[in-house]
Amino acid sequence: MRQRQHLVKAERFASRGSLIHSIEVWPARSETQRARLRELLLVLKMVRPDFVTVTYGAMGSSRERTIALIEELVDEGFAVVAHLACLGNTRDELVELIHRYVALGACGILALRGDPPLEGEAGPPQGELQYASELVELIRQESDLPVAVALHPDGHPDANDLLSDRVFAAQKLAHADLGLTQFFFAYTSFAQLRAAMLERGVRTPVVPGLMVPSSPKQLQRMVEMAGIASPDAAAAVLGAGVDDLAVFQSQALETAITIAQMAIADGVRGIHLFSMNNAQVTLEFFSRLRAVESS
């Protein structure tokens, strides 16, 4: 078994003096994507995040590529938090994957429900895990790995309303070691989510997930995939109507850095970047973020 590093847990968030940095990466699906991933890995060695999260495709579609990337990153000395989704896997398959993650040297698991099947596709087998909270419990039973969960500042797209979503989020977060949010573009969404968790007595650290889209088209696609309720508002925040791509990219970076500054000012001890496997954006974001930290 590989030597396992530990996911930064609640007590370490409280005691650590410097900000905790984490980055999401995707397994590559093509040679073009593999080239982008290789560039990103070079940047990761420069940025040296505290941990890297590795995504797990809808209905387990990237399972083997996810495992291969986890292995590569661990071998390179990175602390890896592996995504795991309950939809698309039987309970036995999930147990097997948890044990594989342990053997690979993962430092934690991000427990997700996962994306449901498209219309006309079969769902998960009857009686198997349906919710991330059930997966958190299973991970606890099968390993000693710390567990992170995903939170939605603008509300889960399948939630009946924001209030009920906050209730379920608090219940899920209370049993986890860390909360990582879906991306958002208005700081008030995150601040209200964090306040709602504290009001319910849940003090597990919540880390904002930030994205720096490289184009209006990418922004629109990611907003639609994430089910964010108001894509027009996101576009307005980033000035997506501008014709100059360089201006758009600059505004997108500025928006993310401004949100990070506000989070740090409110006492948040971690920042998570959805890298989109974009090496340049990742390097620029953390260069700017470190300048903010040292100012």
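Table for the structure above
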quantity	calculated
Selection status of Thr66, outside any helix (DSSP H, G or I) and either crowded, with 21+ Cβ neighbours inside 10 Å or at pLDDT 95 or above (or both)	no
Residue match in the stretch 209-217 (condition: in contact (Cβ under 8 Å) with a residue 60 or more places away in the chain, surrounded by fewer than 20 Cβ atoms within 10 Å (Cβ to Cβ) and not β-branched (Val, Ile, Thr))	yes
Cβ-Cβ under 6 Å pairs, at least 6 apart or on other chains, the stretch 159-186 side among the aliphatic types (A, V, I, L, M), far side part of a loop (DSSP other than H, G, I, E, B)	Leu162/Gly155; Ala170/Arg200; Ala170/Val202; Leu173/Val202; Leu173/Thr204; Ala174/Val202; Ala176/Thr204; Leu178/Pro205
Breaking point among (1) open to solvent by less than 20 Å² (accessible area, probe 1.4 Å); (2) polar (S, T, N, Q); (3) part of a helix (DSSP H, G or I), for Thr181	(3)
Residues that are of a type in the set (Phe, Trp, Tyr) and either open to solvent by 60 Å² or more (accessible area, probe 1.4 Å) or touching an Asp or Glu at 6+ places or on another chain (Cβ under 7 Å) (or both), drawn from the stretch 246-295	Phe274
Scan of the stretch 184-204 for residues that are of a type outside the set (Gly, Ala, Ser), open to solvent by less than 20 Å² (accessible area, probe 1.4 Å) and over 18 Å from His272 (Cβ atoms), ordered by number	Val202
Enumerated helices (runs of 4 or more DSSP H) restricted to the stretch 216-270, each holding at least 2 residues that are small (Gly, Ala, Ser) and at pLDDT 90 or above	245-265
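Results for (1) surrounded by fewer than 22 Cβ atoms within 10 Å (Cβ to Cβ); (2) of a type in the set (A, V, I, L, M); (3) at pLDDT below 90; (4) under 22 Å from Glu224 (Cβ atoms), shown as yes or no for each residue.
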site: Asp115; (1), (2), (3), (4): yes, no, yes, yes
site: Glu137; (1), (2), (3), (4): yes, no, no, no
site: Arg140; (1), (2), (3), (4): yes, no, no, no
site: Val149; (1), (2), (3), (4): no, yes, no, no
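The values are calculated or read from the model by the stated rules, or taken from the named source; none is laboratory data. Source: prediction; values computed, not measured. Positions of Cβ are backbone-derived with ideal geometry, glycine not excepted, and every protein chain shown enters the neighbour counts. To get the accessible areas, we keep the full protein, side chains included, count just its heavy atoms, and leave off ligands, DNA and RNA. Shrake-Rupley method; radii C 1.70, N 1.55, O 1.52, S 1.80 Å.
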